Amino acid sequence: MDKFVKLTAIVAPMDRANVDTDAIIPKQFLKSIKRSGFGPNLFDEWRYEDVGQPDADNSGRPLRKDFVLNQPRYQGAKILLTRENFGCGSSREHAPWALKDYGFDVIISPSYADIFFNNSFKNGILPIILDDKTVDELFQEVYASEGYQLTVDLDAQQIIKPNGEAIAFEVDSFRRHCLLHGLDDIGLTLQHQNDIKSYEEKRKQQAPWLFA
Amino acid sequence: MAGKTLYDKLWDAHVVRQEEDGTALIYIDRQLLHEVTSPQAFEGLRLAHRKPWRVETNLATCDHNVPTTELKGGPETIEDPVSRTQVITLGKNAQEFGITEFGMGDPRQGIVHVVGPEEGATLPGMTVVCGDSHTATHGALGALAHGIGTSEVEHVMATQCLIQKKMKNMLIKIDGKLQAGVTPKDVVLAIIGKIGTAGGTGCAMEFGGQVFRDMSVEGRMTVCNMAIEAGARVGLVGVDEKTVEYVKGRPFAPKGEMWDLAVEAWKDLHSDDDAKFDIVVEMDGSTIEPQVSWGTSPEMVLDINGMVPNPDKETDPVKANGIRRALDYMGLKADMPVKDIPVEYVFIGSCTNSRIEDLRAAASVLKGKKISDKVELAIAVPGSGLVKQQAEQEGLDKIFIEAGFEWRNPGCSMCLAMNADRLPAGKHCASTSNRNFEGRQGAGGRTHLVSPEMAAAAAVAGHFVDVRDYL
Ligand code: SF4
């Protein structure tokens, strides 16, 4: 998993509540044998005029001009600002895969669906919870100034606004540790590689045929 | 100090480290891979720039999606695009990561749980994993074998370890002698009928007693295969001379001096006499009758001479409802004799019953007979290319074909109908597979789980019969 320490990036405002995982990545893309490459189909139905198909080329598809991610001012956004209960619906891990593949490293919302919240951390995305009022203010500021950027500092657990004002946020200390060091389950197990290697040495003595 | 169970011994020998809450890292000696549950795992490794920890411990084959009719060529000739992509992807991944793969057309290709033991790739005392719940099969060799999910497939490839908590010890003890015509499949169906599909949840299920000592190693595989249908992720049988004899000389088995060392170590792979089990279930082998499942869960199983249950006689309303729904789906009437259930399709195959002994057993019933004209399709699907070769050397293919069966190429086939072999809606199938869930063999299909002998006898009669009348 990629490390996440600190980031300064453009913020894309998705002014909706209850964005479900079928909207994030529609079901026809679940047949894929991959977990990368979902980025072009993120929010497929909202983003394009036509219906997307797995493994099809998306470059020539007609875009819905009014959709937030299609607007020039939000190109290159890595922070998604959204409303409550983001990621509800089916448990598909394809949803964080698609968000990450598109380029989002941070989501800011008043609340998330449980499974999505966990899946996000597992895939190197930081989902930040802020109260409704703060989220409201951020929406207003993003709309008011083109090129609006936030700095997200996980180590310090704060968001820094363009005017220098800091907003503190909470994050589970274990999750924070994993993100800061780029550790997923595999990464965590690999922290014990010396144990694995010494097990192997010992086992080689007892059962050499398993290592022949 | 009390003795150890086989599971205790296997577990202890594989703990790399253990946390205070009991979560442990368990070292994995062998991972088997197939095309359905591996692609995202390989993808994960690629994205994280990781390499398999010990690449040589992985072995891949394609089985779920391969056609069983005459091959027109390699994976690119598979008609269904999703199936084709999965099989092709496995080949590419195996090549990229340097993993041995038995691909389509390779005589060693076959159902992953048939191939592992056949190649000697799963050995006594090993820990074995595969992204497939029927990995319990390999426990028949005295191996600790877990079915795992795709993220765990990736985890094992990358770290050679699985994160696990220790399960409970359960013993199914069956003494006595089986009647002629009663097979390992009947034994395991009878166990599931007794303890239910959740009977072994959270347990490693060891099978002990005279019945299993007398049983062949392939028969033990049939039993362990269905431990998962009794709720247990792990099935086990202790190692004895039969196990050692079975493994000897297989391609991946140790040779020479290593062989002698291994055999010496394997002698300890059984539960100690004073071992303590958390749960013990005892049955009398001599009373087990040939079994037929009538409903839509493997625990809905009856003796061949039994009657289909009547929901009105069931006092538990939840159970009564379950019976009603199953009767409706299966198109059966309450209180009807099992022997009156018609058989329109016959499937001999799957990781439960597609080994050489299974084919021999079915052929012995079919020899010199013809299948009923009520049977619309009967197929025999060997578990691997090598099983198929062996069967053909023994002339079993001729017996099947002369009786009216189609003789197919190896694969999972109509066990779950991911390839083109499907059971049509409304048709009753005598099937040697392991799951009779709604739609498992094809949407609307009606599966009856039986032994290979019982399937063959049903094919001849056009309805279920007691195979003992055919011996
Ligand atoms: S034969 Fe059936 S149960 Fe066995 S691995 Fe194939 S699909 Fe699964």
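To the nearest 0.05, what FRET efficiency results for A:Glu200 and A:Ala156 with a Förster distance of 51 Å applied to their C-beta separation?
The value I calculate is 0.80.
Where in the stretch A:146-169 does the amide nitrogen come within less than 13 Å of the point 7 Å from the Cα of A:Glu137, taken along Cα to Cβ?
Inside the label zone: A:159-169.
Would you list B:Phe252, A:Phe86, A:Phe104, A:Phe117 from fewest to most Cβ contacts within 10 Å?
Ranked by crowding around the Cβ, least crowded first: B:Phe252, A:Phe117, A:Phe104, A:Phe86.
In which sequence would B:Val217, B:Val153, B:Val280 go, from the one with the fewest C-beta neighbours within 10 Å to the one with the most?
The most exposed by this proxy come first: B:Val280, B:Val217, B:Val153.
Taking Cα centroids, how far is the stretch A:138-212 from the stretch B:151-202 in Å?
Here the two parts' Cα centres lie 38 Å apart.
For B:Asn409, enumerate residues with amide H under 5 Å from its amide H, sequence gap 5+ or separate chain, H modeled in the peptide plane.
B:Thr69
Kindly work out what percent of the DSSP beta bridges joining two residues of chain A are antiparallel, to the nearest 5.
Bridges in chain A are about 50 percent antiparallel.
Label 7 Å along Cα→Cβ of A:Lys65; the stretch A:34-51 residues with amide nitrogen under 14 Å?
So the set is A:49.
Quick one: work out the % antiparallel among DSSP beta bridges in chain B, nearest 5.
Taking every DSSP beta bridge with both residues in chain B, the antiparallel ones total about 25 percent.
Tell me the label-point distance for the pair B:Ala265, B:Gln179, using the 7 Å Cα-to-Cβ offset, in nm and rounded to one decimal.
The modelled label-to-label distance comes out at 4.4 nm.
What is the stretch B:169-264's relative contact order, in percent, from Cα pairs under 8 angstrom and six or more apart in sequence?
After rounding, I find 30 percent.
Students often get this wrong, so check it: of B:Lys313/B:Lys374; A:Lys3/B:Lys165; B:Lys166/B:Lys276; B:Lys165/B:Lys267, which have C-alpha atoms separated by over 22 Å?
Correct reply: B:Lys313/B:Lys374; A:Lys3/B:Lys165; B:Lys165/B:Lys267.
Once Lys and Arg get +1 and Asp and Glu get -1 on their Cβ, which of A:Ser120, B:Asn65, B:Ser151 lies farthest toward the positive end of the dipole of the protein assembly as shown?
Value: B:Asn65.
Read phi for every residue in the stretch A:116-125 and hand back ³J(HN,Hα) as whole Hz from Karplus 6.51 cos²θ - 1.76 cosθ + 1.60, θ = phi - 60°, with x for Gly and Pro.
3J(HN,Hα) across the stretch A:116-125, in whole Hz: 4, 4, 5, 4, 5, 4, 4, 10, x, 9.
Give me a comma-separated list of calculated 3J(HN,Hα) values for the stretch B:268-275, in order, Karplus coefficients 6.51, -1.76, 1.60 applied at θ = phi - 60°, integers in Hz, x for any Gly or Pro.
8, 7, 8, 5, 5, 4, 9, 5
Give me B:Arg422, B:Arg408 sorted ascending by neighbouring Cβ count inside 10 Å, so fewest comes first.
B:Arg422, B:Arg408
Rounding to the nearest 20 debye, state how big the charge dipole of the protein assembly as shown is about its Cα centre with +1 on each Lys and Arg Cβ and -1 on each Asp and Glu Cβ.
Roughly 660 debye, rounded to the nearest 20.
Can you pick out the pairs among A:Lys31/B:Lys92; A:Lys31/B:Lys72; A:Lys78/A:Lys161; B:Lys194/B:Lys427; B:Lys177/B:Lys339 whose Cα atoms lie more than 22 Å from each other?
Pairs exceeding 22 Å: A:Lys31/B:Lys72; B:Lys194/B:Lys427; B:Lys177/B:Lys339.
With a/c under 1.5 counting as rounded, go ahead and sort the stretch B:347-471 into rounded, prolate or oblate using the C-alpha gyration tensor (a ≥ b ≥ c being the square roots of the eigenvalues; past the cut-off, prolate if a/b is larger than b/c, else oblate).
oblate
With +1 on each Lys and Arg Cβ and -1 on each Asp and Glu Cβ, how big is the dipole of chain B about its Cα centre, in debye rounded to the nearest 20?
500 debye
Taking amide hydrogens as modeled 1.01 Å from N in the peptide plane, which residues meet the under 5 Å criterion relative to B:Val234, leaving out close sequence neighbours?
Amide H to amide H, under 5 Å and 5 or more residues apart or across chains, B:Val234 pairs with B:Met205.
Enter the Cα centre distance for the pair the stretch B:8-40 and the stretch A:1-55, rounded to the nearest angstrom.
Using only Cα atoms to place each centre, the spacing works out to 33 Å.
Give me the Kirkwood hydrodynamic radius of the protein assembly as shown in Å, from all C-alpha pairs, to one decimal place?
Over the protein assembly as shown, the inverse of the mean reciprocal pair distance is 27.4 Å.
Of all DSSP beta bridges in the protein assembly as shown, what percent run antiparallel (nearest 5)?
30 percent
Calculated FRET efficiency, B:Asp340 and B:Glu282, Cβ-Cβ r, R0 22 Å, to nearest 0.05?
0.10
Find how many whole Å separate the alpha carbon centroid of the stretch B:325-388 from the alpha carbon centroid of the stretch B:50-94.
So the separation of the two Cα centres works out to 28 Å.
If you line up the long axis of helix A:193-206 against the longest principal axis of chain A, both from Cα atoms, how many degrees apart are they, to the nearest 10?
30 degrees
Does the stretch B:272-373 classify as rounded, prolate or oblate by the C-alpha gyration tensor (a ≥ b ≥ c root eigenvalues; a/c under 1.5 gives rounded; else a/b over b/c gives prolate, otherwise oblate)?
Verdict is oblate for the stretch B:272-373.
So who's got an amide H within less than 5 Å of the one on B:Val280, skipping anything under 5 residues away but keeping other chains? H placed 1.01 Å off N, in plane.
Those qualifying (amide H under 5 Å, at least 5 residues apart or on another chain) are B:Leu171.
Tell me, what HN-Hα J-couplings in whole Hz come from the Karplus equation 6.51 cos²θ - 1.76 cosθ + 1.60 at θ = phi - 60° for each residue of the stretch A:17-29, using x for Gly and Pro?
9, 6, 5, 9, 5, 6, 6, 5, 8, x, 5, 5, 8
Taken together, the values in this text are just the output of simple stated rules run on the coordinates, not laboratory data. This structure is a prediction, so every number in the text was calculated from the model and none was measured. No Cβ is skipped: glycine too gets one built from the backbone with ideal geometry, and neighbour counts run over all protein chains shown.
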